[in-house]
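Below is one structure, written out as structure tokens, with a few remarks after it.
The values are calculated or read from the model by the stated rules, or taken from the named source; none is laboratory data. None of the values given here were measured: they were computed from a predicted structure. For neighbour counting, all protein chains shown are included, and Cβ atoms are generated from backbone atoms with ideal geometry for every residue, glycine included. Note: areas computed on protein heavy atoms with side chains; ligands, DNA, RNA excluded. Shrake-Rupley method; radii C 1.70, N 1.55, O 1.52, S 1.80 Å.
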Amino acid sequence: MSRVAVFPGSFDPMTMAHLDVARRAASLFDRLVIGVLHNPKKSPVFPVERRVELIRAPVAELGAHVVVESFDGLTVEFAVRQGAGFIVRGLRAISDFEAELQMAHTNRRLEAGVDTVFLMTALEFGFVSSSLAKEVAQFGGDVRGMVPAPVAEALAERFRA
Ligand code: PNS
């Protein structure tokens, strides 16, 4: 039996914490689809196509069973379309847990056949978030080590005065 999971998120942009979770999930599942949410109501720093592109390069090393797709609408519907029985989400700290638990229960209510699997991010990336990386980059700070190298370059370019 082939185990398929989706790893959904905004990924605006991908961080080292996301990459760490993707790496862990890649070793657990036969196919991992990283799903980049296209939410027309939000104004992301990077358009969805660019977010997908910025994930593809760092995850290439995880193997051909890891793919990146954009999606809109409900995560569970994306999971069903992908033939996935699992949603992967990362936990950096206990503070992530409450919102994640609520999402997991909502998703299970929507689609009982899709279960959520939480993976703990490596301790060294526990402080990393897309929003903080964006804030640091916006004020000219160095985000290397917080985000994959191509993302650090893209952020510097995006916020260059
Ligand atoms: O990276 P994020 O912003 O923490 O990811 C949140 C995401 C995209 C997983 C969540 O907002 C989501 O699943 N959105 C799609 C719409 C949906 O399915 N909503 C119900 C989930 S409880």
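Among residues that are open to solvent by less than 40 Å² (accessible area, probe 1.4 Å), over 22 Å from ARG92 (Cα atoms), among the β-branched types (Val, Ile, Thr) and touching a strand residue (DSSP E or B) at 6+ places or on another chain (Cβ under 7 Å), VAL67 is included.
Under the condition of being among the hydroxyl-bearing types (Ser, Thr, Tyr) and in contact with a Ser or Thr (Cβ under 9 Å, 6 or more places away or on another chain), which residue from region 9-39 is nearest to the ligand (Cβ to nearest atom)? Looking at the filtered set, the residue picked out is SER10. Right, VAL143: within 13 Å of THR15 (Cα to Cα), free of Cβ contacts under 8 Å to residues at least 24 places away in the same chain and away from the ligand (no atom under 11 Å from the Cβ) or not? Taking the combined requirement at face value, the residue satisfies it.
Screening SER2 with (1) within 16 Å of the ligand (Cβ to nearest atom); (2) part of a loop (DSSP other than H, G, I, E, B) gives one miss only, at (1). Evaluate the following for ARG50: is it out of contact with any strand residue (DSSP E or B) (no Cβ under 9 Å at 6 or more places or on another chain) and touching a residue at least 60 places away in the same chain (Cβ under 8 Å)? Yes.
The residues of region 66-107 that are basic (Lys, Arg) and more than 14 Å from the chain's Cα centre (by Cα) amount to a single one, ARG81. Being surrounded by 16 or more Cβ atoms within 10 Å (Cβ to Cβ), on the phi < 0 side of the Ramachandran plot and touching a Ser or Thr at 6+ places or on another chain (Cβ under 9 Å) holds for only one residue in LEU119, LEU91, and it is LEU91. When the residues of region 117-132 are filtered to those that are closer than 19 Å to ASP12 by Cα and in contact (Cβ under 8 Å) with a residue 12 or more places away in the chain, which remaining residue is nearest to the ligand (Cβ to nearest atom)? Here the answer is SER130. In region 2-19 there is no residue that is open to solvent by 70 Å² or more (accessible area, probe 1.4 Å), touching a helix residue (DSSP H, G or I) at 6+ places or on another chain (Cβ under 9 Å) and modelled with pLDDT of 95 or more.
Cβ-Cβ contacts under 9 Å between residues 6 or more apart (or on different chains), taken from a first residue in region 99-116 that is within 11 Å of ALA79 (Cβ to Cβ) and near the ligand (Cβ under 8 Å from one of its atoms) to a second residue that is assigned to a helix (DSSP H, G or I) and not aliphatic (A, V, I, L, M), are listed as ASN107/THR75; LEU110/THR75; LEU110/GLU77.
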